[in-house]
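Structure record follows, encoded as structure tokens.
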Amino acid sequence: MNSANFNSTATVNNVFLFMLVISVFLLVAITVTMIYFVFRYNRKKNPIPKNIESHLMLEITWIVVPTLLVLAMFYYGWSGFKFMRTVPEGAMTVKATGRMWSWQFTYDNGIKSGELNVPLGRPVRLLITSQDVLHSLFIPAFRIKEDAVPGMETHLWFLPDKAGEYDLFCSEYCGVNHSSMVSKVIVMTADNFEAWYEAGEKAEGAKKEAPVPQGAQLLEEKGCLDCHTTDGTIETGPSFKGLFGKKTIVITGGKEREVIADDMYLKNSILHPDRDVVKGFPDIMPSQEDNVSEKEINEIITYLKGLK
């Protein structure tokens, strides 16, 4: 696992090491004591049991010491948690949206990227949400993780101080392609990031403004191409190539029927995908009713009509 010298990394590592040292010490101390008692108080050496009276100091010790250890662990954990939840002033804000099965990062100037590009030495605040089901944004190198919840916005922050590329995962099981929901954090020098940001161009995954049909852009932006393709290959869902006007077998209310993929069918498949499920494919697509407008649906359908 790659790692970096981030503030959150040191905070989490220190808490982990503190708890690990305490746990190992207790494990060794208790194990050694138990082994000693096995031999010291063996029944062969003590055939007649003795009545053992209470020991006040011993009882106080095994109450006070564990209590102090628990309080110490709580203090270090709480201090780290408070630090990681307090966003410093001047942090750059990026919106992170999870969807089956990819991440999309949106910047203040409108750039949308499949990878998280950030400047070196500047705090970054992530506003996290989900477009469909529960996801969880996890960046191991930074020791940070936060759930992406539909209809709710969560947040986290980090301060990158080492340039490079770092893995970004979804750590909440979210369906059949959960393991493919992988991205990168790319930490750039301030000058390189500024050039990328101002140009609005592709930088290892950022969407480049180009003369691409609006419908094609929407398929990418809404995450449709995470499950479908435009070249005829089959993935989680059926391919869009040659779909319009094609006769298709669907499962409706548990029964098979044949439909023609016309405008109404495509619209219903976007808004209510569970009503007519294409035979041979899983019923896992979430409704896009709150994710696309009527105009966007028409743009997508217009584009699909041209995919012969």
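The values are calculated or read from the model by the stated rules, or taken from the named source; none is laboratory data. These figures come from a predicted structure and were not determined experimentally. As a convention, Cβ positions derive from the backbone with ideal geometry for all residues, glycine included, and neighbour counts pool all protein chains shown.
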How many residues does the range 106-115 hold that are assigned to a strand (DSSP E or B) and either of a type in the set (Asp, Glu) or modelled with pLDDT of 95 or more (or both)?
0
Filter the range 215-254 down to residues that are of a type in the set (D, E, K, R) and within 14 Å of VAL278 (Cα to Cα), then give me how many there are.
3
Step by step: first the residues of the range 9-61, then only those that are in a loop (DSSP other than H, G, I, E, B) and either at pLDDT 90 or above or among the aliphatic types (A, V, I, L, M) (or both), then the one that is nearest to the chain's Cα centre (by Cα). Which residue is that?
ILE52
What is the number of the single condition among (1) in contact with a His (Cβ under 7 Å, 6 or more places away or on another chain); (2) at pLDDT 95 or above that PHE169 does not meet?
(1)
So which residues in the range 82-124 are surrounded by fewer than 16 Cβ atoms within 10 Å (Cβ to Cβ) and touching a Ser or Thr at 6+ places or on another chain (Cβ under 6 Å)?
PHE83
Let me spell it out: the conditions are (1) within 30 Å of GLU235 (Cα to Cα); (2) touching a helix residue (DSSP H, G or I) at 6+ places or on another chain (Cβ under 8 Å), and VAL12 meets all of them except one. Which number is the exception?
(1)
Any idea how many residues of the range 271-308 are hydroxyl-bearing (Ser, Thr, Tyr) and outside any loop (DSSP other than H, G, I, E, B)?
2
Given the condition within 31 Å of the chain's Cα centre (by Cα), surrounded by 17 or more Cβ atoms within 10 Å (Cβ to Cβ) and not assigned by TED's automatic domain parsing to the domain that holds SER113, answer yes or no: does some residue in the range 241-260 qualify?
no
Where the second residue is of a type in the set (Asp, Glu) and the first is under 14 Å from MET264 (Cβ atoms) and lies in the range 291-305, which pairs have Cβ atoms under 9 Å and are six or more apart or on separate chains?
ASN298/ASP263; ILE301/ASP263; LYS305/ASP263
Name the residues in the range 138-167 that are acidic (Asp, Glu) and either buried (at least 18 other Cβ atoms within 10 Å of the Cβ) or under 30 Å from SER287 (Cα atoms) (or both), would you?
GLU146, ASP147, GLU153, ASP167
Can PRO88 be described as touching a Pro at 6+ places or on another chain (Cβ under 7 Å) and on the phi < 0 side of the Ramachandran plot?
yes
Return only the number of the condition from (1) free of Cβ contacts under 8 Å to residues at least 60 places away in the same chain; (2) within 12 Å of the chain's Cα centre (by Cα); (3) in a strand (DSSP E or B) that SER179 does not satisfy.
(3)
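Residue by residue, here is whether (1) of a type in the set (S, T, N, Q); (2) more than 26 Å from the chain's Cα centre (by Cα); (3) at pLDDT below 85 holds:
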{"site": "ALA210", "(1), (2), (3)": "no, yes, yes"}
{"site": "SER239", "(1), (2), (3)": "yes, yes, no"}
{"site": "LEU266", "(1), (2), (3)": "no, yes, no"}
{"site": "PHE281", "(1), (2), (3)": "no, no, no"}
{"site": "ASN298", "(1), (2), (3)": "yes, yes, no"}
{"site": "LEU304", "(1), (2), (3)": "no, yes, no"}
